[in-house]
Each structure stands twice: as C-alpha cells, then as structure tokens.
Amino acid sequence: MSYIQDVRQSIVARNADQPEFLQAVDEVLSTIKPVVESDSVYKNNAILERITEPDRQIMFRVPWTDDNGNMRVNRGYRIQFNNAIGPYKGGLRLHPSVNLSIIKFLGFEQIFKNSLTGLPIGGGKGGSDFDPKGKSEREIREFCQSFMTELARHIGADTDVPAGDIGVGGREIGYMYGQYKRIKNIYEGVLTGKGLTYGGSLARTEATGYGLVYIVKNMLEAASAVNGNSVTIGLSNGIKGKTVTISGSGNVAIYAAQKVTELGGKVVTMSDSNGWVYDPNGINLDVVKQIKEIKRGRIKEYADIVKSAEYHDNGKVWQVKCDVALPCATQNELDVNDAKTLIKNKVLAVGEGANMPSTTEAINAFQAANVLFMPAKAANAGGVAVSALEMSQNSQRLAWTFDEVDNKLKGIMSGIFDKVSEAAKLYATPTDYVAGANIAGFLKVAQAMIAQGV
Ligand code: NDP
C-alpha cells in the first residue's frame with residue numbers, strides 16, 4: 001500500500017463520523033500524490049499524519065440567557081490546526097449546523113489557503129452551533145461575550161487570531177473584541193474584521209468577494225491568452241459583459257456582486273437559506289444591502305421591492321443560464337446535477353467564494369467538461385489575506401488607505417493565481433487549479449514543518 005493510501009486509511013478509521021473533514025482531506029490527498037511520492041522526506045517526517053491531525057481541538061460550554069430569562073447552553077469550538085508558518089488564523093462560524101467535522105474541514109482547508117497567500121499565517125477555525133437568526137441584539141451580545149470569556153484564554157495576537165465567517169460579521173467581532181479587552185486588559189490585534197474605529201482595516205469587508213472576482217478575472221484572461229483569438233468567445237475581457245450567477249447574500253456574495261458589477265458584468269441571482277431571486281436586469285445591490293446588512297431580512301423581500309425580479313423558494317440559482325458561476329453560501333451547495341445543468345448551459349468558469357461549496361463529483365464534472373474551475377483555497381483567500389494585512393497594520397499601529405489595501409489584495413490574488421497555475425503545470429495539467437492550489441499550499445507548509453523538526 002502506498003504512503004498516501006496507508007495514511008488515508010488510518011484517517012478514515014479515526015474520523016469515521018466526520019464526513020466533511022474526510023471530504024476535505026480526500027481532496028487534498030488525491031491531488032498531492034506527485035509531490036509526496038517524489039521524495040521520501042515527506043514519509044520520513046510523517047508529514048501527512050501530522051498535517052491531518054490538529055495541534056489542538058478546544059471544545060467548550062457557552063452559557064447565556066435568552067430574553068425570557070431562560071438559561072441556554074451552546075457548544076463552542078476552536079481548532080488550532082497548524083502553526084508551522086504563522087499564528088493560527090481562521091474565522092468563527094455561528095450556525096446551527098456547526099459540529100466538529102465542519103470546523104475541522106474548515107481548519108484543515110485554512111492551512112493551505114493561508115499558505116497560498118504568501119503571508120505568515122497558520123491554519124485554524126472555530127465557532128458554535130448557536131443560531132443567530134431571530135435573536136435580539138441583547139441575546140447576540142450576551143452570547144458573544146460568553147463565547148469570548150472562554151476563548152480568550154486560548155488566543156492572542158501572536159498565538160491565534162480569529163475572524164468572521166457565516167453568522168459573524170462586524171457586530172459580533174465588536175462584542176467579542178470588547179470582552180477580550182476586558183478580560184485581558186491588552187489592546188492588541190487579536191481579532192480581524194474589526195470596526196474601522198478600533199483597529200479594523202479598510203477593504204476587509206470587501207476583501208473576500210473582491211479577491212474572488214480578481215482571481216476569476218485572472219483565470220479568464222489566462223485562458224483567453226492560451227486559446228488565442230479563434231476560441232476566445234466569452235473568455236476575453238475578463239468579467240466584462242459576462243452574466244454571473246451568485247448564491248448567498250452575505251458578506252462574500254454581496255462584495256463579489258459589487259466587484260462583478262463594477263467590472264461590467266451582470267449578476268442575475270442571489271439567495272439565502274429560504275430561497276433565491278432572479279433579476280434579468282441585474283441585481284440592485286443597494287436593495288440587497290438594505291435588506292441584508294441593515295434590516296437583516298430575507299432575500300424574498302428583494303422581489304417585493306424590485307419589480308423585474310422573481311422569487312423562488314424551490315430549486316437553486318444554478319438552473320439560470322450564465323457565463324460565470326460563483327457559489328458564495330456554504331459547503332456542498334453545488335452538486336453534480338447542478339454542475340451538469342451549468343455545463344449544459346455552457347458555463348465558462350466557476351469560482352468558489354464559499355468554502356467547499358462544490359461536491360467532489362461536481363468538481364470532477366466541471367474538469368471533465370473543461371470548465372475553468374478555481375477552488376476555494378485559492379479563490380476566497382482574499383479575505384484572510386486582508387485579515388493578515390489588518391494584523392500588520394495593528395502591529396505597526398498604522399492604518400493604510402482603501403486603495404493601498406485593495407492594490408495589495410489585487411497583487412496577492414495575482415500571486416496566488418501564478419503559484420497555483422505553475423504548480424498545476426508542473427505536477428498535473430495546466431488548468432487543474434485544484435491540484436495546483438493543494439500542491440502549492442502544501443509545499444510551503446511541509447517545508448516549514450520539516451525544518452522545525454517534530
Ligand atoms: P454570511 O453569514 O455573511 O452569509 C452566508 C450566506 O449564505 C447567507 O446568505 C446565508 O443565508 C447563506 N447560507 C448559509 N448557510 C446556508 C445553508 N446551509 N443553506 C443555504 N444558504 C446558506 O457568511 P459569509 O458570506 O461570510 O460566508 C459565506 C461562505 O464564504 C462560507 O462558506 C464561508 O466559510 C466562506 N468564506 C467567508 C469569508 C469571509 O471573509 N467572510 C472568507 C472565506 C470564505 P441565511 O442568511 O439564510 O443563512
């Protein structure tokens with residue numbers, strides 16, 4: 001049995017009840033084979049065994065009281081996965097579906113994504129099965145304070161720096177930061193995604209969505225250059241003139257839609273966990289922001305306000321014909337049937353804004369049909385990259401301008417695209433960006449782990 005098969009078998013045996021984690025591990029192991037089998041150094045240093053086992057898994061009780069005075073208890077998590085190249089770094093997710101498998105898959109992916117940014121950040125992730133939907137302002141604040149009361153002992157600006165994710169935006173980061181400061185009496189960059197009045201970075205809110213669109217543009221332009229003029233229908237001009245479907249209507253989806261629109265593309269769909277809207281005239285983002293960022297309402301309300309839009313509570317946005325598809329909601333939201341529909345409708349490119357939104361079978365179908373496919377580890381790395389820039393600004397006690405940060409983000413996304421395509425060319429096929437991202441991300445972390453000994 002090969003080293004990879006051997007390690008895989010033992011990971012499956014030890015984590016049999018963690019399907020999302022196993023899915024994420026399988027995707028990496030199946031693509032890094034050419035590297036791992038080319039040199040015994042990886043086996044001799046037990047790199048695969050070590051990189052798939054978190055440094056630390058912290059689980060804790062989060063007690064709080066609801067508005068009726070009832071005591072409630074949720075479970076909190078922080079997985080400190082790997083700090084070979086920098087302090088643990090990764091978001092906090094508040095969603096009822098959160099469990100150990102989901103936090104471990106996210107933490108595992110984060111190792112490779114953070115490595116791809118070229119910045120000194122290790123991999124981690126956390127969250128809770130608390131459901132923020134329908135909770136009052138006071139309940140959210142009390143939950144965040146209680147969550148941080150325990151988390152504070154495990155994190156620090158040079159140890160572990162959490163950020164937002166599903167259900168955690170500026171409001172929640174603010175409450176958590178306030179509580180950390182109260183407990184520790186230290187004013188430090190322990191969280192990113194902070195408000196602009198207390199150490200946040202300009203362009204952090206926009207970073208994941210903008211970064212996604214930058215790298216999809218890089219991918220379209222590279223394909224157009226390779227194909228020459230004869231077969232460039234739709235590929236040239238990057239995003240300009242493209243019809244784009246987006247799922248989700250949260251942080252990543254909104255700012256991806258904003259950048260697509262700014263670059264001359266047309267976004268025709270958005271969704272939430274209840275349903276989706278189709279607006280053939282192009283989504284009006286002011287309306288979406290009003291509903292989602294201010295009223296914290298449902299996407300259904302969009303169709304009540306914008307007369308050209310239709311609301312559907314069945315089906316998915318992927319049934320709408322498009323040139324570019326950007327899944328920006330959650331894991332496994334795009335399955336093989338959705339992939340087949342998109343392929344039938346002649347989709348040119350898919351960029352993953354969410355983490356692991358496409359199932360393995362869907363990715364295989366896209367690659368078999370020569371659809372350009374940029375995986376999450378590369379495609380949504382802009383968020384954590386600007387989080388790392390927020391850490392730099394906090395350490396320097398300086399604040400950079402929006403353009404300074406946005407230009408650095410553009411440079412980082414181009415750098416990621418170059419690394420991913422070089423690795424793809426060297427070890428797989430030129431447009432196998434899945435293999436490229438896994439291999440390029442893995443190499444740096446593995447080298448650092450080997451250098452630092454067991
Ligand atoms: P938000 O909470 O801001 O938005 C999430 C969106 O996805 C909402 O529209 C939500 O709808 C929808 N959604 C969430 N869960 C489900 C579900 N189970 N089924 C259907 N729709 C769902 O989160 P973000 O935009 O921050 O995150 C979206 C994705 O991007 C996640 O996979 C996250 O891990 C990833 N990501 C985020 C980064 C960031 O900087 N924020 C960085 C890198 C990756 P509803 O409101 O109804 O729940």
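The values are calculated or read from the model by the stated rules, or taken from the named source; none is laboratory data. Not measured: the values here are computed from a predicted model. Backbone-built Cβ (ideal geometry, glycine too); neighbour counts: all protein chains shown. All accessible areas refer to the heavy atoms of the entire protein, side chains included, with ligands and DNA or RNA removed. Shrake-Rupley method; radii C 1.70, N 1.55, O 1.52, S 1.80 Å.
Under 23 Å between alpha carbons, and skipping anything fewer than 8 positions from LYS425 in its own chain: which lysines qualify? Partners within reach: LYS33, LYS113, LYS217, LYS377, LYS410, LYS444. Extension gain for THR341 to GLU53 (0.36 nm times residue separation, less C-alpha to C-alpha distance): 100.0 nm.
Estimated purely from DSSP H runs of n ≥ 4, each contributing -39500 (n - 2.57), the mean residue ellipticity at 222 nm for the chain is -15000 deg cm²/dmol once divided by its residues.
Under the criterion of Cα pairs below 8 Å and six or more residues apart, the relative contact order for the chain equals 16 percent. Our coupling estimate for region 145-150, obtained by passing each phi through the Karplus curve with A = 6.51, B = -1.76, C = 1.60 and θ = phi - 60°, is 5, 5, 4, 6, 4, 8 Hz, Gly and Pro reported as x.
The figure for PHE81 is an accessible area of roughly 0 square angstrom, using a 1.4 Å probe on the protein chains alone. For VAL98, the solvent-accessible surface with a 1.4 Å probe is about 10 Å², rounded to the nearest 10.
The protection proxy used here, the mean number of other Cβ atoms lying within 10 Å of each residue, ranks peptides 300-309, 10-19 as follows, highest first: 300-309, 10-19. Evaluated with a Cβ-only charge set (Lys, Arg +1; Asp, Glu -1), the chain carries a dipole of roughly 500 debye about its Cα centre, given to the nearest 20. With just the Cα atoms defining each centre, how far is region 131-177 from region 338-377? Give it in Å. The two parts, judged by their Cα centres, are 33 Å apart.
Return the FRET efficiency for the residue pair ARG296, SER40: r is the Cβ-Cβ distance, R0 is 51 Å, and the value is rounded to the nearest 0.05.
Working: r = 54 Å, r/R0 = 1.06.
Result of the calculation: an efficiency of 0.40.
Assuming R0 = 60 Å, can you tell me the calculated FRET efficiency for the pair ARG72 and ALA225, based on Cβ-Cβ distance, to the nearest 0.05? Efficiency at R0 = 60 Å is approximately 0.60. 3J(HN,Hα) along region 9-22, derived from phi through the Karplus expression 6.51 cos²θ - 1.76 cosθ + 1.60 where θ = phi - 60°, amounts to 4, 6, 5, 4, 5, 8, 10, 4, 8, 10, x, 5, 5, 5 Hz, with x in place of Gly and Pro. Summing charges over neighbours of ASN274, with a neighbour being any other residue whose Cβ is under 13 Å away from its Cβ, gives +2 when K and R count +1 and D and E count -1. Can you give the Kirkwood hydrodynamic radius of the chain from its Cα pairs, in Å with one decimal? Kirkwood hydrodynamic radius for the chain: 22.2 Å. In this rough spin-label picture, where each label sits 7 Å from Cα along the Cβ direction, the TYR187-VAL12 distance is 5.5 nm.
In this structure the amide hydrogen of ARG56, modeled in the peptide plane, comes within under 5 Å of the amide hydrogens of GLN80, none closer than 5 places in sequence on its chain.
Packing, as the average of other Cβ atoms within 10 Å across residues, places the peptides 266-276, 35-45 in the order 266-276, 35-45, highest first. Remark: accessible surface ordering of GLU333, GLU221 (largest first) is GLU221, GLU333, probe radius 1.4 Å.
By the rule of a C-alpha distance below 22 Å, with chain neighbours fewer than 8 residues away ignored, the lysines paired with LYS292 are LYS133, LYS135, LYS194, LYS259, LYS266, LYS300, LYS307, LYS316. Listed by chain and number, the aspartates and glutamates placed with their C-alpha closer than 14 angstrom to that of LYS242 are GLU221, GLU262, ASP323; residues fewer than eight positions away on the same chain are left out. Taking every alpha-carbon pair under 8 Å whose residues sit at least 6 apart, region 384-448 reaches a relative contact order of 20 percent.
The Rg/Rh ratio of region 217-353, with Rg taken over Cα atoms and Rh as the Kirkwood radius over Cα pairs, comes to 0.98.
Calculate, for MET1 and SER395, the FRET efficiency according to 1/(1 + (r/R0)^6) with r their C-beta to C-beta distance and R0 56 Å; round to the nearest 0.05. Mind showing how you got there, number by number?
On the way: r = 46 Å, r/R0 = 0.83.
The computed FRET efficiency comes out at 0.75.
The packing ranking, built from the mean of other Cβ atoms within 10 Å per residue, places the peptides 239-246, 357-364 in the order 239-246, 357-364, highest first.
For the pair region 286-300 and region 4-28, the centres of their Cα atoms are 39 angstrom apart.
For the chain, give the percent of accessible area contributed by carbon and sulfur heavy atoms, probe 1.4 Å, rounded to a whole number. Write down the numbers at each step before the final one.
Numbers: 8950 of 18350 Å².
Carbon with sulfur: 49 percent of the solvent-accessible area.
Quote the relative contact order of region 337-454 in percent (integer), defining contacts as alpha-carbon pairs under 8 Å separated by 6+ residues. List each step's numbers first, then the result.
Values: 106 pairs, mean separation 24.2, N = 118.
RCO, region 337-454: 21 percent.
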